[in-house]
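One structure is given below, encoded as structure tokens.
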Amino acid sequence: MPIITPLTKLLNIRIPVVQGGMQWVGLPKLVAAVSNAGGLGIITALTQPNPAALRNAIKETRTLTSKPFGVNITLLPSINPPDYAGYARAAVEEGVKIFETAGNSPGELIKYFKSNGCVVIHKCTTIRHAQSAAKLGVDVLSIDGFECAGHPGEQDIGGLVLLARAAQDLKVPYLASGGIADARGVAAALALGASGVNMGTRFMCTVESPIHENIKKTIVKSSEQDTVHIFRTLHNTARVFKNKVSLEVVSIERRPGGAKFEDVRELVSGQRGRLVYETGDPDAGIWSAGIAVGLINDIPTCEDLLRTIEKGVEDVITNLNTVVVKSKL
């Protein structure tokens, strides 16, 4: 039976699963595979070196799928900010109608996308920020719990409570994000009021994922204890894979007197992180991973993964009916 939610109807997808926009990972082959399998694939704009390259990535994705897909634009603190407006304009001009935004002060981007008839999904880590984004006119909110890879915010609120709070206070449909990698997680998210889920780490470990095979095998061998938070003392917390580099960053942060970003800049370089995915060396740099690594035991195709999740969600919901005792009166 199909899983029908406000998200599947809004995005015209079969399965309420969105592939998170991941730096160096959200490339055309993976994006198309997710969309072809019934979910929503997301191109990561800032993985492309410039807006012209993003145009080419969008065109390439269109040669691989006729299904809906989106583009992620994440607003990052930077001395020399990327050409966010240029990326946004390039994607809109190429006909993209679904966007995932994240980061601080997304108002201008959201306004631009909405003025061009686009659907906007915005990622938040607190209910307060979600309510602010809803006022800006976003169509869907992605609620990131403390379990997520990347930046979980500074409040340390797990998904179980955060999603239930979202059900109480939000009028806009929302996705559950963080710690979800299988059918049980998707079913639980739906029970908590979400219209679907956002999965990042799980899609990193698929056949179509562009990262090195050795990193996929590293994820499979890992447990939920194999991630760590960096930048805690800098109030810019990020969950990453626990390796030699991330543990060195944590050690520097714990020094008497603390640390400044300059003290760890070289260790956390994005180019070093990219080498992890290209060379297969898990200790080459910092790389994002959620605690969902503890749930990942294989490297399926996106088609097999989403087919398994779809069937599994149906089974979980059906089995839950057995715990409801119906009155004989």
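Only the coordinates and a few stated rules stand behind these numbers; no lab work does. Fair warning: this is a prediction, and the values are worked out from it, not measured in the lab. Positions of Cβ are generated from backbone atoms using ideal geometry, with glycine treated the same way; all protein chains shown enter the neighbour counts.
Brief remarks on what is shown
- A cut-off under 11 angstrom between Cβ atoms defines the neighbours of GLY95, and their net charge, with Lys, Arg +1 and Asp, Glu -1, is +2.
- Which of VAL293, VAL316 has the fewest Cβ neighbours within 10 Å, and the rest in rising order: VAL316, VAL293
- Radius 14 Å from Cβ of PRO106, net charge of other residues (Lys, Arg +1; Asp, Glu -1): +1
- Quarter of Cα convex hull surface for the stretch 85-156, i.e. mean projection, nm²: 4.8 nm²
- Partner aspartates and glutamates whose Cα lies under 13 Å from the Cα of LYS221, excluding those fewer than 8 positions away in the same chain, are identified as GLU213, ASP298.
- Part-to-part distance (alpha-carbon centres) for the stretch 108-133 and the stretch 167-239, which is given in Å: 21 Å
- Per-residue Cβ neighbour counts within 10 Å put VAL120, VAL197 in the sequence VAL120, VAL197, beginning with the fewest.
- Computed over the stretch 31-116, the alpha-carbon pair-distance distribution with 5 angstrom bins reads 3, 15, 28, 25, 17, 9, 3, 0, each value a whole percent.
- Ordering MET22, MET199 from the fewest to the most neighbouring beta carbons within 10 Å gives MET22, MET199.
- Pairs from the list LYS9/LYS114; LYS29/LYS171; LYS171/LYS326 with a Cα-Cα gap above 24 Å: LYS29/LYS171; LYS171/LYS326.
- The Cα-based radius of gyration and maximum Cα-Cα distance (Dmax) for the stretch 227-279 are 11.0, 36 Å.
- With all pairs of separate Cα atoms included, the chain yields a Kirkwood hydrodynamic radius of 20.1 Å.
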